[in-house]
Amino acid sequence: MKKLICTVMAGAMLALSFAGCGSSSSSANSDSPSGTGITGAITVVSREDGSGTRGAFTELLGIVDDQKNDATTETAEITNSTSVMISTVAGNNNAIGYVSLGSLSDTVKAVKVDGVECNANNVKSGEYKVARPFNLAYCDGELSEAAQDLIDYIMSSDGQAIVEKEGYIPIASGSEYKSKNLDGKITVAGSTSVAPLMNVIADEYKKLNPNVSIEIQESGSTTGIQSATEKAVDIGMSSRELKDEETKTLTAKQIAMDGIAVIVNQSNTTDDLTSDIIKSIYLGNTTVWDEIQ
Amino acid sequence: MSNLKEVFMKILFLLCACISILAVAVICIFIFANGVPAIGEIGFMDFIFGTHWKPSSGEFGIFPMIVASIYVTAGAIIIGVPIGILTAVFLAKYCPKKLYKFIKPLINLLASIPSVVYGFFCLVVVVPVIQQLTHTSGKGILTASILLGIMILPTVINTSEASIRAVPDMYYEGALALGATKERSLLKTVVPAAKSGIMSGIILSIGRAVGETTAVVMIAGNQAVMPNSITSGVRTLTSNIVMEMAYATGLHRSALIATAVVLFVFILIINICFSILVRKKEKQ
């Protein structure tokens, strides 16, 4: 009996590996020079379903089906962290991916989208179209004095200066912040994209208000919003727009904008991709680099 | 007075034992109470045998992930078990004492390396090699199998070594006396005599391979589609849960907990196999 199972399993694995020989060979054709310097299948890398970055990316580029649902190709590689995304694209000539502008690194190359470079100025002016808001969500009128003061600080010219310094795009031009020297405890939870910015802001705020302690938890946009709804935390961080059901109980305050950079391997010679091509790649209609001129 | 102390200690021990029982019970209740209604809502057949996982479109089919978990585990066993058993034979019967003192701690060290380190190692070392050899993205069943094959080595080696050492020397000596060579006596008499111990080691390592998450999520590709070759990317049951849990709401969240139910049943089956085997061994 055991021998039989072993034989069947070995047979199955063998069949599987043969199938691999047939289907995994890429249709690379080195005779036709492509506009990207890369031949062979495109390795599409995406974030996990439900991620704020993925939600914004698919929505902004129209990678959706008839019912406005996310239609990213099922054969896309999925990663749930920015660092794995960057090392995957850095280590694979054929890869394409996307990351938040603030976490972009030199090991990969950010391409222009429709001829517009991904940088803070272009996001601010609205020319670079793949950009999303950073929101804070809270129950209006129920905030503690300290929490309200923290939000005022972020919206002030001092707070927005930090936003700019960290590589994100400020959206308000408030007046200068004056410390009221409050004390208290503020808990903030949510998006892993907003958290790095929030950490810096919190440090600066604590310098001005030494008696306030701020606790920041990274748990993802949806969990952060949920915690704010349940009043488990004072403020929820979100890297996407709030859904209708969420705005019933919460107020959203936009604190910054963030660009989403489309990244390719350093050996890829293309500098510019149109949004239609990126859309086609992520929908799974364009599957080899050779097709891209 | 001493009597009182005895009673007190007895209650303390009992309480400690209760904590672990309570933990298991609460986990069971939690995942079944949250997961089973979700399976009902999605539909048992659509959930288990559905081949599309698109939470944003309301499709929750985990069949590709069940298949992925089985393939990856099978791959790990094919790679890890032969190496593990042969290493155990070497350690038990061939290894000089000085070398043993050196190798044994290294194997135990292998067991205590955090899985995220394994994952990152695989991402920067194994993935590029597979990429070069197969001209694919390098993430997939094969890479995950190699990784898990390495990760289960300590379990297989340690249990196999212990059970080979437990085989009475007369088996080995008897085979030698009948004229068999050293290798033949080991592989044909000693190893078969130790097989129930070796089997339980294999079952334990299956449990480890099925349950491994952090490392696998980094190098398996995580596509929720049916794999069509040994190099295609797959998403295992555990990866599915850990990747999407942070952002999931509503039915999506429940579907992830339902995925945990399926995983739980998997592990339960493996553990039952293990205890049957152990009981059989005790009867002998």
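No value in this document is a laboratory result; all are computed from the given coordinates. Here the structure is a predicted model, which is why all the values come from computation and not from measurement. FYI the Cβ positions are ideal-geometry reconstructions off the backbone, even for glycines, and counts take in every protein chain you see.
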Legend entry - Subset tally (residues that are crowded, with 22+ Cβ neighbours inside 10 Å and of a type in the set (A, V, I, L, M)) for region B:238-256: 4
Inset, instruction - Return yes when B:LEU91 is surrounded by fewer than 20 Cβ atoms within 10 Å (Cβ to Cβ) and either farther than 22 Å from A:ASP70 by Cα or under 15 Å from the mean Cα position of the chain (by Cα) (or both) and no when it is not. - result: no
Inset, instruction - With the condition kept exactly as written, say whether any residue in region A:77-87 is surrounded by fewer than 21 Cβ atoms within 10 Å (Cβ to Cβ), facing chain B (nearest Cβ under 9 Å) and part of a loop (DSSP other than H, G, I, E, B). - result: yes
Legend entry - The listed residue being part of a helix (DSSP H, G or I) and at the interface with chain A (Cβ under 10 Å from one of its Cβ atoms), out of B:VAL278, B:VAL242, B:VAL262: B:VAL242
Legend entry - Residues of region B:202-234 that turn out to be crowded, with 24+ Cβ neighbours inside 10 Å, more than 7 Å from every other protein chain (Cβ to nearest Cβ) and touching a Pro at 6+ places or on another chain (Cβ under 8 Å), as a count: 1
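Which residue, of A:ALA261, A:ALA256, A:ALA228, A:ALA232, is surrounded by 18 or more Cβ atoms within 10 Å (Cβ to Cβ) and over 23 Å from A:ARG47 (Cα atoms)? I'd like the intermediate steps shown before the answer.
Values: A:ALA261 fails: over 23 Å from A:ARG47 (Cα atoms); A:ALA256 fails: over 23 Å from A:ARG47 (Cα atoms); A:ALA232 fails: surrounded by 18 or more Cβ atoms within 10 Å (Cβ to Cβ).
Sole residue among the options that is surrounded by 18 or more Cβ atoms within 10 Å (Cβ to Cβ) and over 23 Å from A:ARG47 (Cα atoms): A:ALA228.
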Inset, instruction - Among what's in region B:103-135 and is over 15 Å from B:THR214 (Cα atoms) and buried (at least 17 other Cβ atoms within 10 Å of the Cβ), pick the residue that is farthest from the other protein chains (Cβ to nearest Cβ). - result: B:ILE107
Inset, instruction - State yes or no: is B:ILE230 touching a residue at least 40 places away in the same chain (Cβ under 8 Å) and not in a helix (DSSP H, G or I)? - result: yes
Legend entry - Test result for B:ILE157, away from chain A (no Cβ under 14 Å), part of a helix (DSSP H, G or I) and among the hydrophobic types (A, V, I, L, M, F, W, C): yes
Inset, instruction - State whether one or more residues within region A:93-103 are surrounded by fewer than 21 Cβ atoms within 10 Å (Cβ to Cβ) and within 12 Å of chain B (Cβ to nearest Cβ). - result: yes
Legend entry - Selection status of B:THR155, under 22 Å from B:ILE272 (Cα atoms) and either of a type outside the set (A, V, I, L, M) or crowded, with 18+ Cβ neighbours inside 10 Å (or both): yes
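B:VAL26 - would you say it is part of a helix (DSSP H, G or I), within 27 Å of B:PHE264 (Cβ to Cβ) and without any contact (Cβ under 8 Å) to a residue 60 or more places away in the chain? Break it down into steps so the answer makes sense when it comes.
Values: part of a helix (DSSP H, G or I): yes; within 27 Å of B:PHE264 (Cβ to Cβ): yes; without any contact (Cβ under 8 Å) to a residue 60 or more places away in the chain: yes.
Judged against the criteria, B:VAL26 is a match.
Considering only region A:179-293, give the helices (runs of 4 or more DSSP H) lying wholly within it that have at least 3 residues that are closer than 30 Å to A:ILE38 by Cβ and touching a residue at least 60 places away in the same chain (Cβ under 8 Å). I'd like the intermediate steps shown before the answer.
Details: elements: A:195-208, A:221-229, A:244-247, A:275-283.
Helices (runs of 4 or more DSSP H) meeting the threshold: A:275-283.
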